[in-house]
Amino acid sequence: MSQAPPSLHSLIARAARLRAGGSPWELIGQQVHRSERSVRRWPHLFPVEWDKHYRLAEEQNLADAANEALLFLRKQFRDEDGRTSTTSSKFVLGKRREAILWQEKRSASSRAPDSSLAALVPQLEAMTDEELRAFVLDFAAKRMEREGAGVLPDGCEGSPAQPR
């Protein structure tokens, strides 16, 4: 496993695109003027370079297929059979809804931490061990209630109000 020499970068990129598109190794070798045996080994010899180009090509292929599928579904929207147009419309709207939720979740997880949390640090540092323990247990209990996990009564194993 080593880094690909610069002279192979463009050949590996082209080979990865061809392979991601479903081309057999023999054809790939012909296209890049290398033996089938050589190009078949590139993913193992140069995994970083290969994976980078293969993933990019795979993403592009999936985007192209999604565009074609959308075109097909849009044609079905106008189908004379009301059931076909309704089904395809519901499918596309459902997928769009899923995409929006996924994007919102992704952007929420990538946001920078709230600056108000920085103000909490000095307060926590000023607490005694007992005050800090009580604060953490109270925080955990409120969070569990909010998320529907409920709080076990004091004395029950696993209760946030009881130390382990």
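Model label sites at ILE100 and SER85, defined 7 Å from Cα along the beta-carbon direction, differ in position by 2.3 nm.
With the simple model of a label 7 Å out from the Cα in the direction of the Cβ, LYS52 to PHE72 spans 3.4 nm. Normalising the Debye intensity of the range 46-92 to I(0), with uniform scatterers on Cα atoms only, and taking log10 at q = 0.22, 0.26, 0.29, 0.31 Å⁻¹ returns -0.72, -0.84, -0.93, -0.98.
What stretch of the chain, leaving out the sites themselves, is the longest with no GluC sites (Glu not before Pro) in a DSSP loop having at most 15 other Cβ atoms within 10 Å? Result for the longest clean stretch: 1-79.
For the chain, adding -39500 (n - 2.57) for each run of n ≥ 4 DSSP H residues and dividing by the number of residues yields -25500 deg cm²/dmol at 222 nm. For the range 6-110, the fraction of alpha-carbon pairs lying more than 20 Å apart is 57 percent, rounded to a whole number. Taking the longest Cα principal axis of the chain as reference, the axis of helix 129-146 is set at about 60 degrees.
Throughout, read-outs are computed from the coordinates displayed, never taken from laboratory work. On a predicted model such as this, the values are computed, not experimentally measured, just so you know. With ideal geometry, Cβ positions are generated from the backbone for all residues, glycine too; neighbour counts draw on all protein chains shown.
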